[in-house]
Amino acid sequence: MILIGLGANLPSIKYATPLETLDACVEELGRFGLQVVKRSRWYKSAPVPMSDQPWYINGVVAIQTDKGARDVLKTLLEIENHFGRVRTEANAPRALDLDLIAYHDQIIEDEGNIEDKPFCVPHPRMHERAFVLLPIQDIDPTWVHPKNKRILKELVDLLPKDQIIEAIV
């Protein structure tokens with residue numbers, strides 16, 4: 001299964017709210033060769049690390065595609081640009097954030113850079129993020145982390161207790 005994390009906490013160039021942006025993004029993925037096969041609920045979550053920026057709306061989709069992992073990530077960056085994402089500093093507020101969470105059971109680490117960042121699959125911090133793991137439960141509660149082999153329930157139980165998140169839709 002290929003898993004994509006979606007998040008936003010600012011309006012985009014076309015949409016007034018992060019939720020509208022994310023709904024539109026899910027509809028647009030197919031136009032970029034990423035066919036959505038399952039979608040989680042949307043969740044509202046506090047920024048990680050905690051800050052005074054607006055809270056995020058997050059979710060996860062499972063997709064099918066003929067593209068390889070690197071090309072999926074490049075496509076996600078293209079979609080972010082299409083929605084007006086402007087990159088400034090790490091953990092800054094954003095109109096759209098798309099992450100390649102997992103690409104089937106593949107483990108790829110630092111195999112060249114994309115936009116001056118190491119390319120790693122599965123996402124190196126996904127197991128520490130409630131806004132990733134709880135949406136994955138909506139899609140496949142039996143999912144197993146490809147690298148550490150932990151089942152999803154165990155990963156959720158290990159989450160830091162200070163992460164604030166709630167399902168909204």
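What follows draws every value from the coordinates through simple rules; no lab data is involved. Just so it is clear, the model here is predicted, and its values are computed rather than measured. Cβ atoms come from the backbone with ideal geometry, glycine included; neighbour counts cover every protein chain shown.
Descriptive notes on the structure:
- Mean sequence separation of contacting Cα pairs (under 8 Å, at least six apart), scaled by the length of the chain, corresponds to a relative contact order of 28 percent.
- Here the label points at ILE168 and VAL156, each 7 Å from Cα along the C-beta direction, are separated by 2.1 nm in the simple model.
- For the residue pairs LYS67/LYS153; LYS67/LYS149; LYS38/LYS153, the C-alpha atoms sit more than 23 angstrom apart in LYS67/LYS153; LYS67/LYS149.
- Highest average packing first - 131-140, 22-31, Cβ atoms within 10 Å: 131-140, 22-31
- Computed FRET value (nearest 0.05) for VAL144 with MET50, which takes r as the C-beta separation and R₀ as 35 Å: 0.75
- Under 17 Å from LYS74, Cα to Cα: lysines that are on another chain or at least 8 residues apart: LYS117
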